[in-house]
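Presented below is the structure to which this report refers.
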Amino acid sequence: MSVFFTLLKRDLAQLLLGGRRGGAVLPVLFFLAVAMLYPFAVGPDAPVLARTGGGVIWVAALLAAILPLDRLIEPDLELGMFDQWSLRGISEELLVAVRVLAHWLSFGPPLMLAALPASALVGIDGEKLWLVELGLLAGTPGLAALGVMVAAITAGLRGGAALGGLLAIPLAVPLLVFGAGSLAIGGESGLGLTAAFSLVLLAITPFAAGAAIRSGRGQ
Amino acid sequence: MPYRPQPMGTCRLSAADLACRRGDRLLFARLSFALESGAALQLAGSNGIGKSSLIRILAGLLAPFAGSVSREGAIALLDERPALDPHLPLGRALGFWQGIDGPADNDAVRLGLSDLMDVPVRYLSTGQKKRAALARMIGQKAPVWLLDEPLNGLDTKGVALVEELAAEHCRAGGIAVIASHQPFALPGMQRIEMKDFAL
């Protein structure tokens, strides 16, 4: 258990605080910037903004989740950390699970907070704002898992960061469809499906990413 | 406080008929040895002959193309990557590993690191990084040491220190495998010339 917390502490220090690498601040600012640009592009038509704003918030959340992909796995591979953990019998699955948790903590809750001003910018309030927040709560863990999985698969490849983004976007489409869809009619079923897809991603990521890290070692 | 090696438990490291393939090239084949507690082995040979690959195979990080390795006892690996967070002060970077390996005296004074504990790892010189990685490895308290080019970047005093640490480790019952193209002085050390097994 103490190994778990030692690892989580280190991952959080890198991903949430991030030092000179930006930490959680950059994705949140990016998210807010997209939400801010949208009314400028579409024009100050309140009904249109309110109807389409939820979708924009979801697209912005997805893109913000992709931003830190290249510092999720690769830096530790280059440092030789994964080899040292492996020698100590710490499984890649545990390392990945801890990293998913740290990655989610560093962008999920901050994004949910930033969704409040972002919703105000596109004219979403009341019950619909509540649905946006619940949807992000259900969807961001899946985005975090997907990010770590794709980062592990593309770590060490040439142009890994750009390739990672390209790989993650299509896989995130179900989250986007159900999450943004929950803002239309019959919200609850959309939320349920978002959460379900999130859980699938959370369940397979430790094994998929762990296998990717192990097989990358043989190269 | 000086580093006093604890008596190691039983440890063993043996390789049987190892072969290693990188890409479509067979680097070496039919390599066998057996090391008991207290033994040291130098893997000697020029660059690219497969010393590092052999070290990674012995560590279990790389699958051999043929043959098998049997290990008894925990393994510590020192290679060209220090595995210390570059942006953290050295003390905290080493502290992370102590959180995992348990508190230990990693011999900072003797390694000449005691004044560097507040310096971020990325500002350390090549030799200082190597010393820091040695401190990390000592703190692990593993009976089997795998050292991949441990002398790279070290000055003559550093070289003597590594030789001394390895000798003490073996006297305490540990095993040391040293892959190096440079001469490494260690009493009673066996030596494998990699070119004898190259194809």
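Entry for region B:1-81 at q = 0.25 Å⁻¹: log10 I(q)/I(0) = -1.37, Debye formula applied to identical alpha-carbon scatterers, no solvent contribution.
Computed from phi, the 3J(HN,Hα) profile of region A:203-218 under the Karplus parametrisation 6.51, -1.76, 1.60 (θ = phi - 60°) reads 6, 8, 4, x, 6, 5, 5, x, 5, 5, 5, 5, 6, x, 5, x Hz, with x in place of Gly and Pro.
For residue B:74, the residues whose amide H sits under 5 Å from its own are B:144, ignoring neighbours fewer than 5 places away on the same chain, with H placed 1.01 Å from N. Residue separation of residue B:66 and residue B:191 scaled by 0.36 nm, minus their Cα-Cα distance, works out to 42.8 nm of gained length. For a straight C-alpha distance cut-off of 25 angstrom, the lysines reachable from residue A:9 (same-chain residues fewer than eight places away being disregarded) are B:129, B:141.
Once the Cβ-Cβ distance of residue B:16 and residue A:211 is raised to the sixth power relative to R0 = 35 Å, the FRET efficiency obtained is 0.80.
Residue by residue, region B:24-33 carries 3J(HN,Hα) couplings of 9, 10, 8, 7, 8, 8, 6, 9, 9, 7 Hz when phi is fed to the Karplus relation 6.51 cos²θ - 1.76 cosθ + 1.60 (θ = phi - 60°); x denotes Gly or Pro. Relative to the dominant Cα principal axis of chain A, helix A:46-66 is inclined by about 10°.
Axis angle, to the nearest 10 degrees, between helix B:90-101 and the longest C-alpha principal axis of chain B: 60 degrees.
Using the count of nearby Cβ atoms within 10 Å as a rough guide to exposure, how do B:62, A:26 rank from fewest to most?
Ascending Cβ contact count within 10 Å gives the list A:26, B:62.
Going by alpha carbons, how many degrees (0 to 90, nearest 10) lie between the helix axis of A:2-12 and the longest principal axis of chain A? Helix A:2-12 sits at roughly 50 degrees to that axis. Gyration tensor analysis over the Cα atoms of the protein assembly as shown returns equivalent ellipsoid semi-axes of 50, 22, 17 Å (largest first, whole Å).
Every number in this text was worked out from the coordinates using simple rules, so none of it is lab data. From a predicted model like this one, the values you see are computed outputs, not experimental measurements. For neighbour counting, all protein chains shown are included, and Cβ atoms are generated from backbone atoms with ideal geometry for every residue, glycine included.
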